[in-house]
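Asks: Shown below is the structure under consideration.
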Amino acid sequence: MTYVIEGLCPDDFAPLFEYDDAALAAINARRVTAAADRGYPCRISLEDAKAGEELILLHHISHDVDTPYRSAYAIYVRSGVAAATYHDELPPVFAGRPFALRAFDADGMLQAARLAGPGEADGAIRDLFAGPGIAYIDAHNAAYGCFAARIERDSAERSGT
């Protein structure tokens, strides 16, 4: 079983970097500067921003479904970075962090969940996908609860080839 993890599309967030602070505040977003090389995980590049880099902190609907499991929370994004793609491996932003992994069926209904400590996410992802009817997994930082990434079966797995 293989999986793919992709960062969010940068085009969806690019206009925010042109907003002034008042315009950002009007949509409940904030411009922030990373104060350290860790702790500001970009959901586009799936890497932590480096100290001094500018990010936008915003409210993001990560699980946009018509079920009770619709979910949204704050995320960080950076400008000028490409959307990362990781096939059958974890992105750098997963290193050293505990995650809550939520496995959903094709209708967006929660089927299983797992807490994964640092270094345990890969095995937990594979275990969850081994379950019947799991279409995708949403990873959230266990402590803060923010959306980290969507994990899907690799395209070959989805098409049955």
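Asks: Would you mind computing, in nm to one decimal, how far apart the modelled labels at ALA130 and PHE17 are, each placed 7 Å from Cα along Cα→Cβ?
Replies: 4.2 nm
Asks: Same structure, new question: When the chain is fully extended, how far beyond the present Cα-Cα distance does ALA95 get from TYR144, taking 0.36 nm per residue of separation?
Replies: Value of the extension gain: 16.1 nm.
Asks: Stretched out fully, how many nm does the piece from TYR73 to ASP105 gain, at 0.36 nm a residue minus the Cα gap?
Replies: 9.4 nm is the gain from fully extending TYR73 to ASP105.
Asks: Hey, another quick one. Using 0.36 nm times the number of residues separating ALA25 and LYS50, minus their current alpha carbon distance, what extension gain do you get?
Replies: 6.6 nm
Asks: Between the stretch 47-126 and the stretch 1-35, what is the C-alpha centre distance in whole Å?
Replies: 14 Å
Asks: Please arrange ASP66, ASP122 by how many other C-beta atoms lie within 10 Å of their C-beta, fewest to most.
Replies: ASP66, ASP122
Asks: Rounded to the nearest 500, what is the 222 nm mean residue ellipticity of the chain from helices alone, with -39500 (n - 2.57) per DSSP H run of 4+ residues and division by all residues?
Replies: Estimated from H runs of four or more residues: -3000 deg cm²/dmol.
Asks: Okay, next question. So, with +1 on the Cβ of K and R and -1 on the Cβ of D and E, and no other charges, what is the size of the charge dipole of the stretch 3-159 about its Cα centre, to the nearest 20 debye?
Replies: 400 debye
Readers should treat all values here as calculations from the given coordinates under stated rules, not as data from a laboratory. On a predicted model such as this, the values are computed, not experimentally measured, just so you know. Neighbour counts are summed over all protein chains in view; Cβ atoms, including those assigned to glycine, are modelled from backbone coordinates with ideal geometry.
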